[in-house]
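Worksheet: one structure, shown below.
The values are calculated or read from the model by the stated rules, or taken from the named source; none is laboratory data. Everything numeric in this text was worked out from a predicted model, so none of it was measured. Because the Cβ atoms are built from the backbone with ideal geometry, glycine has one as well, and the counts that use them run over all protein chains shown.
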Amino acid sequence: MQPTISELVNEDASLISRRCWSDEGVYALEKRGIFGKSWLFLGHESQVPNAGDFVQAYMCETPVILSRGEDGALYANVNSCTHRGLPVCRADHGNTRRFICPYHNWSYAVDGSLVTIPQESEVANRPDKSKLGLKRVPRVESWRGMVFGSFDEEIISLESYLGDMRYYLDAFFLRFPEGIEFVGAPHRWVLDANWKLPVENQLGDVNHGAFLHSAIIPREAQDIIEELGHSVVTAPGHGATFRLMPQDAPWQDVAWGMEAMGAILGGNEVQEYLREVQAHAAERVGELRARFKGLTFGVYPNLSFLWSNTSFKVSHPRGPGKVEYWSWAVVPADAPESIKKILRTNYSSFFGPAGLLEQEDSEVWTQQYIGSNIDFADDRPYYYGLGLGEEKPHPQFPGLVSVTANEFYARHFFLRWRDELMAAEAGL
Amino acid sequence: MTDQAIATSPEEQRALERFYYYEARLLDSRQYQDWLALLTEDVRYSMPSRVNVQVDNRERGKQQMLSVARELEGPEGSGNPLRDESYVHLMLRVERAYKINSWSENPPARTRRMVGNVELMARRDDEWDVLSNFQLFYARPGSRDVIYSGQRNDTLRVAEGGYRIARREVVLDYAEIEKPTLGLLF
């Protein structure tokens with residue numbers, strides 16, 4: 001029987017039903033109520049700098065082409081021919097003048113408009129091509145080069161949607177005079193897990209680090225998180241965690257990038273570069289944010305950013321029990337090529353499908369899905385109550401703030417999730 | 001590297017194959033410390049990522065259109081390889097295997113690999129370039145069984161007492177990865 005959403009998440013979201021993670025009916029509501037109504041991350045402008053450039057993306061399970069049109073504007077179109085539904089683009093990225101369906105060679109401009117129907121000259125009534133373009137994603141907006149799309153024509157602006165998350169993301173983006181760029185194609189891998197657990201993991205769950213990953217992460221790292229760590233929720237579903245380093249901390253302990261493998265093994269050149277970035281951090285992001293040593297960041301519903309290993313990730317659902325996880329290494333756009341090649345390993349050493357740490361994460365995400373399907377345990381919902389009610393406004397930072405062990409980031413996510421699914425359930 | 005394998009004596013060919021069989025047996029019997037001793041300390045171990053590339057119309061009809069190299073984002077390029085590792089990375093992976101809190105390997109996975117198509121491609125003083133193919137069966141408790149398929153592009157250093165792996169590029173036969181991990185020792 002289809003569960004009612006109000007029964008799955010209790011009043012304060014301290015109890016989360018196993019069905020939230022495993023039920024087909026719940027997933028159908030998520031598609032409509034969340035993925036049909038949110039801003040979803042599509043790509044970074046650095047991936048499509050020139051007219052005709054394109055990259056593939058997904059909005060939930062919907063395949064989308066993000067492209068730069070001849071007019072220089074960004075477009076997102078569903079990758080499916082209006083004639084018989086085939087994908088019109090098979091390459092992961094590239095540059096083209098036309099997307100051509102293999103079946104009957106209907107061809108589309110990079111902005112998605114239909115250009116030719118090879119068979120139309122043979123019929124008397126010619127179809128109106130202006131109405132037969134690819135299905136366009138109605139809203140596409142970008143902020144700091146990050147491009148998002150939404151199927152909801154009425155959605156608030158991207159900047160309003162991000163709200164105070166911009167303050168925390170800017171602590172990273174604005175450190176670099178030319179901003180950041182995404183390196184190469186995303187790593188994409190399919191896991192037998194529910195899409196929300198990778199999201200939760202990167203939204204604020206830094207307290208699994210020294211436990212699940214204790215074969216690699218030393219206890220001292222956890223001590224520092226407990227001493228200096230802050231967890232922030234700027235709006236339900238958006239969150240950030242970071243260590244606020246002391247004013248007199250040596251630069252090596254504060255600088256972005258220094259705690260990851262590329263910098264540790266990369267030698268003087270890369271360390272000197274990172275020192276230089278940190279030396280200008282206060283003038284670029286202010287004294288307070290210059291002392292941020294970030295951990296996890298999340299933008300509702302499924303975009304994550306990992307500061308320490310400099311990776312953006314998107315958790316694309318493929319049903320309740322499968323996820324296609326995409327991740328990119330990210331580097332400062334103005335760094336020399338040799339340094340970019342070193343900094344990209346800050347990501348790949350520990351994260352991605354081969355990452356030393358992430359192989360543990362993907363294991364537990366898979367195991368949690370098995371647990372979420374157990375029969376006769378519906379009266380044992382998952383406990384999300386750690387730190388209940390302990391988050392508070394902060395004199396210096398926007399949002400609600402608490403210690404990182406407080407699971408409020410997840411509770412707030414599920415409160416928003418519950419509201420949006422109940423609206424979808426009611427047919428709104 | 002040219003397309004053709006270079007001439008080897010039967011003894012040389014047999015010695016190379018014996019080395020790879022020994023290496024495979026060490027890995028499948030989880031003697032990872034012994035495997036580490038087969039590497040040079042300046043080893044570079046990489047795994048390019050693989051993408052579905054756009055067909056370039058100007059390359060239609062040419063061999064280059066089908067080139068595998070076009071699909072790879074390797075360590076020398078500006079893309080994002082899946083792995084680009086040094087001895088330290090591999091040492092961490094090996095050390096991790098001996099810890100009971102390495103949860104994705106506890107209980108440990110069962111592996112069995114077939115290594116074949118061993119071809120000596122080039123000889124430079126004490127360094128030899130050698131290609132080999134592998135099929136690796138991987139069974140992890142509580143998970144589905146998977147097969148990994150790929151090619152290894154090695155540079156072996158010929159030292160007294162045998163070969164040492166100085167460079168290994170692992171080319172997997174996938175763009176989308178439906179495997180629980182690519183963090184194995186291939």
Restricting to the range A:66-81, name every residue that is out of contact with any helix residue (DSSP H, G or I) (no Cβ under 9 Å at 6 or more places or on another chain) and without any contact (Cβ under 8 Å) to a residue 60 or more places away in the chain.
A:Ser67, A:Gly69, A:Glu70, A:Asp71, A:Gly72, A:Ala73, A:Val78, A:Asn79, A:Ser80, A:Cys81
Any residue at all in the range A:64-75 that's more than 21 Å from the chain's Cα centre (by Cα), within 14 Å of chain B (Cβ to nearest Cβ) and over 30 Å from A:Met422 (Cβ atoms)?
no
Filter pass, B:Gln4 being closer than 24 Å to B:Gln135 by Cα and in a loop (DSSP other than H, G, I, E, B)
yes
When B:Asn106 is evaluated against the numbered criteria (1) polar (S, T, N, Q); (2) within 14 Å of chain A (Cβ to nearest Cβ); (3) closer than 23 Å to A:His187 by Cβ, which criterion, by number, is the only one it fails?
(3)
Restricting to the range A:205-214, count the residues that are assigned to a helix (DSSP H, G or I) and of a type in the set (D, E, K, R).
0
Across the range B:159-186, what is the number of residues that are over 23 Å from B:Arg96 (Cβ atoms) and either modelled with pLDDT under 95 or in a loop (DSSP other than H, G, I, E, B) (or both)?
9
Inside the range A:356-379, can you point out the residues that are part of a loop (DSSP other than H, G, I, E, B) and touching a residue at least 60 places away in the same chain (Cβ under 8 Å)?
A:Leu356, A:Leu357, A:Asn373, A:Ile374, A:Ala377, A:Asp378
One residue from B:Arg58, B:Arg113, B:Arg124, B:Arg93 being surrounded by fewer than 14 Cβ atoms within 10 Å (Cβ to Cβ), more than 30 Å from A:Pro102 (Cβ to Cβ) and among the basic types (Lys, Arg)
B:Arg124
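Output the number of residues of the range B:60-101 satisfying the condition of being polar (S, T, N, Q), within 30 Å of A:Lys340 (Cα to Cα) and at pLDDT below 95. It would help to see each step written out before you state the result.
Initial filter on the range B:60-101 (polar (S, T, N, Q)): B:63-64, B:67, B:78, B:80, B:86, B:101.
Then drop every residue that is not within 30 Å of A:Lys340 (Cα to Cα), which leaves B:64, B:67, B:78, B:80, B:86.
This time we only want the ones that are at pLDDT below 95, so: B:64, B:67, B:78.
Residues flagged as polar (S, T, N, Q), within 30 Å of A:Lys340 (Cα to Cα) and at pLDDT below 95 within the range B:60-101 amount to 3.
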Inside the range B:55-78, the number of residues satisfying the requirement of being on the phi < 0 side of the Ramachandran plot, more than 19 Å from the chain's Cα centre (by Cα) and of a type outside the set (D, E, K, R) is 8
Given B:Val158, B:Val130, which one is surrounded by 18 or more Cβ atoms within 10 Å (Cβ to Cβ), more than 23 Å from A:Phe350 (Cα to Cα) and away from every other protein chain (no Cβ under 14 Å)?
B:Val130
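Determine whether the range A:409-423 contains at least one residue that is assigned to a helix (DSSP H, G or I), of a type in the set (Asp, Glu) and away from every other protein chain (no Cβ under 14 Å). Walk me through how you get there before you give the answer.
So the first thing to find is which residues in the range A:409-423 are assigned to a helix (DSSP H, G or I), and the list is A:409-423.
Now narrow it down to the ones that are of a type in the set (Asp, Glu): A:419-420.
Subsequent filtering for residues that are away from every other protein chain (no Cβ under 14 Å) retains A:419-420.
Taking every residue of the range A:409-423 in turn, at least one turns out to be assigned to a helix (DSSP H, G or I), of a type in the set (Asp, Glu) and away from every other protein chain (no Cβ under 14 Å).
Yes/no per residue for (1) more than 14 Å from every other protein chain (Cβ to nearest Cβ); (2) among the aromatic types (Phe, Trp, Tyr):
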residue: A:Ser308; (1), (2): yes, no
residue: A:Val314; (1), (2): yes, no
residue: A:Glu337; (1), (2): no, no
residue: A:Lys341; (1), (2): no, no
residue: A:Phe376; (1), (2): yes, yes
Can you tell me which residues in the range A:381-406 are touching a residue at least 24 places away in the same chain (Cβ under 8 Å) and of a type in the set (D, E, K, R)?
A:Glu391
In the range B:25-59, residue modelled with the lowest pLDDT [restricted to those that are assigned to a helix (DSSP H, G or I) and within 26 Å of B:Ala69 (Cα to Cα)]
B:Asn57
Which listed residue, of A:Glu324, A:Glu363, is over 18 Å from the mean Cα position of the chain (by Cα) and under 26 Å from B:Ser102 (Cα atoms):
A:Glu363
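Answer with yes or no whether A:Gly262 is within 14 Å of chain B (Cβ to nearest Cβ), within 21 Å of A:Val330 (Cα to Cα) and not polar (S, T, N, Q). Please lay out each step first, then the result.
On the way: within 14 Å of chain B (Cβ to nearest Cβ): yes; within 21 Å of A:Val330 (Cα to Cα): yes; not polar (S, T, N, Q): yes.
It is true that A:Gly262 is within 14 Å of chain B (Cβ to nearest Cβ), within 21 Å of A:Val330 (Cα to Cα) and not polar (S, T, N, Q).
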Return yes when B:Tyr32 is buried (at least 16 other Cβ atoms within 10 Å of the Cβ), of a type in the set (Phe, Trp, Tyr) and either touching a helix residue (DSSP H, G or I) at 6+ places or on another chain (Cβ under 6 Å) or within 14 Å of chain A (Cβ to nearest Cβ) (or both) and no when it is not.
yes
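Yes/no matrix, rows are residues, columns are (1) within 14 Å of another protein chain (Cβ to nearest Cβ); (2) in contact with a Cys (Cβ under 8 Å, 6 or more places away or on another chain); (3) among the hydrophobic types (A, V, I, L, M, F, W, C):
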{"residue": "B:Thr40", "(1), (2), (3)": "no, no, no"}
{"residue": "B:Gln54", "(1), (2), (3)": "yes, no, no"}
{"residue": "B:Gln63", "(1), (2), (3)": "no, no, no"}
{"residue": "B:Ser67", "(1), (2), (3)": "no, no, no"}
{"residue": "B:Gly77", "(1), (2), (3)": "yes, no, no"}
{"residue": "B:Leu82", "(1), (2), (3)": "yes, no, yes"}
{"residue": "B:Glu85", "(1), (2), (3)": "yes, no, no"}
{"residue": "B:Val88", "(1), (2), (3)": "yes, no, yes"}
{"residue": "B:Arg113", "(1), (2), (3)": "no, no, no"}
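If I ask for residues that are acidic (Asp, Glu) and surrounded by 20 or more Cβ atoms within 10 Å (Cβ to Cβ), which ones from the range A:205-226 would you list?
The first filter runs over the range A:205-226 and keeps only residues acidic (Asp, Glu), leaving A:205, A:220, A:223, A:226.
A:Asp205 - this is the single residue of the range A:205-226 that is acidic (Asp, Glu) and surrounded by 20 or more Cβ atoms within 10 Å (Cβ to Cβ).
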Lone qualifier among B:Arg44, B:Arg25 - being more than 12 Å from chain A (Cβ to nearest Cβ), out of contact with any helix residue (DSSP H, G or I) (no Cβ under 6 Å at 6 or more places or on another chain), surrounded by 13 or more Cβ atoms within 10 Å (Cβ to Cβ) and charged (D, E, K, R):
B:Arg25
Per-region count, the range A:190-204, residues crowded, with 24+ Cβ neighbours inside 10 Å and assigned to a strand (DSSP E or B)
1
Counting only residues in the range A:398-417 that are crowded, with 22+ Cβ neighbours inside 10 Å and charged (D, E, K, R), the one nearest to A:Thr241 (Cα to Cα) is identified as A:Glu407
Expected output for the range B:166-186 (first residue within 7 Å of chain A (Cβ to nearest Cβ), partner of a type outside the set (A, V, I, L, M), Cβ below 6 Å, 6+ apart or cross-chain) is B:Glu176/A:Arg188; B:Ile177/A:Trp189; B:Ile177/A:Pro353; B:Pro180/B:Ser143; B:Thr181/A:Gln359; B:Leu182/A:Pro353; B:Gly183/A:Gln359
Filter the range A:227-266 down to the residues that are assigned to a helix (DSSP H, G or I) and modelled with pLDDT of 95 or more, then identify the one that is surrounded by the fewest Cβ atoms within 10 Å (Cβ to Cβ).
A:Glu227
